[in-house]
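Scroll down for the structure; my scribbles are underneath it.
The values are calculated or read from the model by the stated rules, or taken from the named source; none is laboratory data. Please read all numbers here as calculations on a predicted model, not as lab measurements. Counting neighbours? That spans all protein chains shown, and the Cβs are built from the backbone with ideal geometry, glycine included. Areas reflect the complete protein model, heavy atoms only, side chains present, ligands, DNA and RNA absent. Shrake-Rupley method; radii C 1.70, N 1.55, O 1.52, S 1.80 Å.
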Amino acid sequence: EQCAVHVYPQLEQHLPFVECLYRTLPMGGHHDDVLDPTLFEGCAIQSQLNYELLKTCRQDIGWELQKKAASATPTYHDHVPWVELNHVHFDETSQDFVQEICKVYVANGGSHPICQEQ
């Protein structure tokens with residue numbers, strides 16, 4: 001995710017990738033298992049992002065981006081993904097991720113095809 005945001009800084013570019021990962025990767029609890037790279041590649045292809053750019057970013061600076069994100073994370077966040085919308089914690093176990101993101105995004109003037117499907 002950090003490399004997607006770094007390589008594709010516009011929300012319209014990386015949001016579909018993050019949403020795909022949210023649907024595809026195992027959520028909840030702590031996972032130390034190595035995840036199948038084809039999951040990431042599939043989301044990149046589906047989101048029309050260049051997987052090779054993301055993979056190179058991960059290999060070159062992925063850990064540094066992760067540490068930077070961790071240092072910017074408030075200490076009261078006790079799990080990931082931790083999402084706040086307008087400074088309010090988003091409960092990923094009981095709310096629809098894309099629907100809630102789109103609601104806030106559109107309310108603030110944003111527009112994206114994925115939000116039109118909601």
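List every residue pair whose Cβ atoms sit under 9 Å apart, with the two residues 6 or more apart in sequence or on different chains, where the first one lies in the stretch 58-74 and is under 20 Å from His89 (Cβ atoms) and aliphatic (A, V, I, L, M) and the second, anywhere, is open to solvent by less than 90 Å² (accessible area, probe 1.4 Å) and at pLDDT 85 or above.
Partner pairs satisfying both residue conditions: Ala69/Gln2; Ala69/Val5.
In the stretch 1-36, what count of residues is obtained for those that are modelled with pLDDT under 75 and either in a helix (DSSP H, G or I) or open to solvent by less than 60 Å² (accessible area, probe 1.4 Å) (or both)?
Total satisfying the criteria: 1.
How many of the residues in the stretch 75-99 are closer than 18 Å to Glu19 by Cα, of a type in the set (D, E, K, R) and part of a loop (DSSP other than H, G, I, E, B)?
3
Does the stretch 71-83 include one or more residues that are closer than 17 Å to Tyr8 by Cα and among the small types (Gly, Ala, Ser)?
no
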